[in-house]
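The values are calculated or read from the model by the stated rules, or taken from the named source; none is laboratory data. Worth saying up front: this structure is predicted, and the values here are computed from it rather than measured. Every residue, glycine as well, gets a Cβ built from its backbone with ideal geometry; the counts of neighbours run over all protein chains shown. All accessible areas refer to the heavy atoms of the entire protein, side chains included, with ligands and DNA or RNA removed. Shrake-Rupley method; radii C 1.70, N 1.55, O 1.52, S 1.80 Å.
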Amino acid sequence: MRVLFLPGGDGDATTFDALLAHLPRVDAVVHDRRRAGDLPLTAHTDEVAATLTGGPATVVATSMGALIGLDLLARYPDRVGLLVAHEPPAVDLLPPAERADALARQEAVVATYAAHGADAGMRTLLTDIGVDLSDREPDAALPKLTAARLRNLDHLLRYDVTAAGRHRLDPAALAPVAERIVAAGGERSGGAYPYRCAVALAERLDLPFVLFPGGHTGYATHPRAFAGTLLEVLLQA
């Protein structure tokens, strides 16, 4: 089974290593997107679309990657056969008060980063999106904080949080292909705004909603259990 994985804002080709160790039957390609300043989210979508040849792809995407996946399906519907969209921060789908709160949280993350650096900005972001890195499977080793990862974190806080907040999903374009979408959220996300966005997506398009083990980054903190749920979803599609 060949699957394209789209990681979240600070993710790269190594993001799903722990998860993929528990998916030996999956022929995985992990997209490592270009980071080149303040690009709109649609530019990342175009980059992904250019890599897809040979028929519709099965796509598993999380966080900002899930926003890209939804935009990919909306604008390049012939490139996607199935999309598992795990907690896309599509804040425009939220009710007005919740949307305003989510956008204010994003602005606070960027302001914290500007005033106090990447470490403080990332701590604020992780709290806002429902990530508890101490809550994980006993044998789950978190990704190492390499120089490349630090550059990714800097780009996430400098550009990507804002780009995700500016992006507007197109539910009308997704409606004709809604049967190809599985909306997903983390069991331990605690109702944080990306989880609520996934619920809102499911409600807006009348989609199945699947709970995955762990929180927003369950693929890293609970890779064994996350892999089991993902395999069930892929095999049932």
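Considering segment 30-58, the residues that are among the β-branched types (Val, Ile, Thr), at pLDDT 95 or above and open to solvent by 20 Å² or more (accessible area, probe 1.4 Å) include one that is farthest from residue 5 (Cα to Cα), namely 42.
Would segment 207-219 turn up any residue that is of a type in the set (Gly, Ala, Ser), assigned to a loop (DSSP other than H, G, I, E, B), modelled with pLDDT under 95 and on the phi > 0 side of the Ramachandran plot? The answer is no, given that none of the residues of segment 207-219 is of a type in the set (Gly, Ala, Ser), assigned to a loop (DSSP other than H, G, I, E, B), modelled with pLDDT under 95 and on the phi > 0 side of the Ramachandran plot. The set of residues in segment 9-25 being over 19 Å from residue 126 (Cβ atoms) and either open to solvent by 20 Å² or more (accessible area, probe 1.4 Å) or of a type in the set (S, T, N, Q) (or both) consists of 13, 17, 20, 21, 22, 24, 25. State yes or no: is residue 229 β-branched (Val, Ile, Thr), in contact with a strand residue (DSSP E or B) (Cβ under 6 Å, 6 or more places away or on another chain) and closer than 23 Å to residue 82 by Cβ? For residue 229, the condition - β-branched (Val, Ile, Thr), in contact with a strand residue (DSSP E or B) (Cβ under 6 Å, 6 or more places away or on another chain) and closer than 23 Å to residue 82 by Cβ - is met. In segment 94-114, the count of residues that are surrounded by fewer than 20 Cβ atoms within 10 Å (Cβ to Cβ) and closer than 30 Å to residue 22 by Cα is zero. Only a single criterion out of (1) exposed (fewer than 15 other Cβ atoms within 10 Å of the Cβ); (2) part of a helix (DSSP H, G or I) is not satisfied by residue 194, namely (1). Within segment 6-33, the residues that satisfy the criterion of being over 15 Å from residue 231 (Cα atoms) and in contact with a Leu (Cβ under 7 Å, 6 or more places away or on another chain) are 9, 10, 29, 31. Out of the residues in segment 145-180 meeting the condition of being open to solvent by 50 Å² or more (accessible area, probe 1.4 Å) and assigned to a loop (DSSP other than H, G, I, E, B), tell me which one is modelled with the lowest pLDDT. Step by step, filter segment 145-180, then rank; the result is 145. Considering (1) open to solvent by 20 Å² or more (accessible area, probe 1.4 Å); (2) in contact with a Lys or Arg (Cβ under 8 Å, 6 or more places away or on another chain), the lone condition that residue 218 does not fulfil carries the number (1).
Is it fair to say residue 71 is at pLDDT 95 or above, buried (at least 24 other Cβ atoms within 10 Å of the Cβ), out of contact with any Lys or Arg (no Cβ under 8 Å at 6 or more places or on another chain) and more than 20 Å from residue 218 (Cβ to Cβ)? Criteria met by residue 71.
State all residues of segment 99-130 that are more than 22 Å from residue 169 (Cα to Cα) and among the basic types (Lys, Arg); if no residue qualifies, say none. Matches in segment 99-130: 123 only. Candidates in segment 223-237 are the residues that are at pLDDT below 95 and under 12 Å from residue 58 (Cα atoms); of these, the one that is surrounded by the fewest Cβ atoms within 10 Å (Cβ to Cβ) is 235. I want to confirm something. Restricting to segment 124-144 and keeping residues that are open to solvent by 70 Å² or more (accessible area, probe 1.4 Å) and of a type in the set (Ser, Thr, Tyr), which single residue is nearest to the chain's Cα centre (by Cα)? The residue in question is 127.
Yes or no: segment 126-134 includes at least one residue that is in contact (Cβ under 8 Å) with a residue 40 or more places away in the chain, over 17 Å from residue 164 (Cα atoms) and not in a loop (DSSP other than H, G, I, E, B). Within segment 126-134 (the criterion being in contact (Cβ under 8 Å) with a residue 40 or more places away in the chain, over 17 Å from residue 164 (Cα atoms) and not in a loop (DSSP other than H, G, I, E, B)), the answer is no, since none of the residues qualifies.
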